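Let me begin by presenting the structure, written as C-alpha cells, before commenting on it.
The values are calculated or read from the model by the stated rules, or taken from the named source; none is laboratory data. Predicted model only: the values in this text are computed from it and were never measured. Note that each Cβ is placed from the backbone with ideal geometry, even for glycine, and that neighbours are counted across all protein chains shown. In case anyone asks, the SASA skips ligands and DNA or RNA and just uses the protein heavy atoms, side chains included. Shrake-Rupley method; radii C 1.70, N 1.55, O 1.52, S 1.80 Å.
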Amino acid sequence: MSAQANRVMALSEWEDRWQEGKIGFHKPHVHKLLENNLDKIICGRKSVPLFFPLCGKAVDMKWLADMGHTVVGVEISEKGIKQFFEDQSLAYHEEPVPAIPGAKVFKSTDGKISIYQCDLYKFSSAIAGKFGGIWDRGALVAINPCDRPKYATLLVSLMDSNCRYLVSTLEYNPELYKGPPFFVSEENLNNLFGGACDIELLQCVDGFEDKHKTWGLESMTEKVYLLTPKAQ
C-alpha cells in the first residue's frame, strides 16, 4: 500500500482515458463474479433498485435491467455514458440534475436505467433514494486511496437496510505497480466498512492477464465480497 498511498488521479485523467479509448478496464461481457453471485445480491427479490458506482459502460447494467431491476449509475465521462446507450441500442434522453450544478442524468426511455454524469462524491440518497443492491466492480479499486474513507461513507449512506453490496477487489504486490487499479485487501475493507457492515468473502479467482506483465506484475487475485448492513 505504501507505494500507492499518495497516488492521486484527477477526474480529468479518467476523462482523457475515455477520449483516447484507453478503457482496458471495460469488459464486453457480463462479469463472471457477478453472474456467479447474483443470487447473493437479489435474494429472490423483484424490481431491486441497484447502484453502480463509477459504472462506465458496463454491460451488466442492461443485463440486470432486462431482469426487471432498476439501475442507477454514476460516471464522470459523458462519452462513456453515451457509448453505453448506443452499444446497447437503448433510446434515452438527458436532463439536468438541479441538486448538482452542471450534472446531467441520462435515462433510458423505459425508465429502467439512469446514469448520472457527475463527480461521485456530489451524489447522495437525496437524488435517487437508497438502494437494495450495489455492484462495485472497478470503483473501489479505481478511486484514489486517500479518498476511500469518503467513498465508504457515501456508499453506506446509499444502502437501504436490506441492501446487499457486492464488491470486487484486486490483490497483487503493490510495491511493483502504482495503480490504478489499486490493491485492496480484506483488512482495507474491514477498516472502511467493518463498523457499518458485515463482510463475507464469497469467491476468489486468478485475475492475472497478459497485460499485467507489462505492469511489472507476476500474479493478481480477484476477490468478491458481500457486504450487508449490520442490524441497527
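With LEU154, LEU202, LEU227 as the choices, which residue is under 27 Å from ILE76 (Cα atoms) and either crowded, with 21+ Cβ neighbours inside 10 Å or in contact with a strand residue (DSSP E or B) (Cβ under 7 Å, 6 or more places away or on another chain) (or both)? Steps first, please.
Values: LEU154 fails: either crowded, with 21+ Cβ neighbours inside 10 Å or in contact with a strand residue (DSSP E or B) (Cβ under 7 Å, 6 or more places away or on another chain) (or both); LEU202 fails: under 27 Å from ILE76 (Cα atoms).
LEU227 is the lone residue from the list that is under 27 Å from ILE76 (Cα atoms) and either crowded, with 21+ Cβ neighbours inside 10 Å or in contact with a strand residue (DSSP E or B) (Cβ under 7 Å, 6 or more places away or on another chain) (or both).
Give the residues of the stretch 60-84 that are part of a loop (DSSP other than H, G, I, E, B) and open to solvent by less than 60 Å² (accessible area, probe 1.4 Å), sorted by residue number.
First, the residues of the stretch 60-84 that are part of a loop (DSSP other than H, G, I, E, B): 66-69, 76-77.
Answer for the stretch 60-84, where residues must be part of a loop (DSSP other than H, G, I, E, B) and open to solvent by less than 60 Å² (accessible area, probe 1.4 Å): GLY68, HIS69, ILE76, SER77.
Can you tell which of LYS22, LYS46, LYS57 is buried (at least 17 other Cβ atoms within 10 Å of the Cβ) and either farther than 21 Å from GLY138 by Cβ or touching a helix residue (DSSP H, G or I) at 6+ places or on another chain (Cβ under 9 Å) (or both)? Step through it out loud before you land on a result.
Values: LYS22 fails: buried (at least 17 other Cβ atoms within 10 Å of the Cβ); LYS46 fails: buried (at least 17 other Cβ atoms within 10 Å of the Cβ).
Just a single option satisfies the conditions, and that option is LYS57.
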Using beta carbons and a limit of 7 Å, which pairs, at least six apart or on different chains, have the first residue in the stretch 69-91 and closer than 14 Å to ALA103 by Cα and the second one open to solvent by less than 20 Å² (accessible area, probe 1.4 Å) and aliphatic (A, V, I, L, M)? GLY73/MET61; GLY73/ILE115; VAL74/LEU120; GLU75/ILE81; GLU75/ILE115; ILE81/ILE115
Mind telling me which of the residues VAL105, VAL167, VAL97 ends up being within 29 Å of GLU222 (Cβ to Cβ), surrounded by 16 or more Cβ atoms within 10 Å (Cβ to Cβ) and not basic (Lys, Arg)? VAL167
Give the stretch 1-19 a look and list any residue that's surrounded by 13 or more Cβ atoms within 10 Å (Cβ to Cβ), hydrophobic (A, V, I, L, M, F, W, C), under 20 Å from LEU120 (Cβ atoms) and out of contact with any helix residue (DSSP H, G or I) (no Cβ under 8 Å at 6 or more places or on another chain), or say none. MET9, TRP14
What tally of residues in the stretch 62-83 results from selecting those that are over 15 Å from the mean Cα position of the chain (by Cα), closer than 19 Å to PRO49 by Cα and not charged (D, E, K, R)? 6
Find the strands (runs of 3 or more DSSP E) located wholly in the stretch 85-192 whose residues include 2 or more that are β-branched (Val, Ile, Thr), and list them. 113-117, 159-171
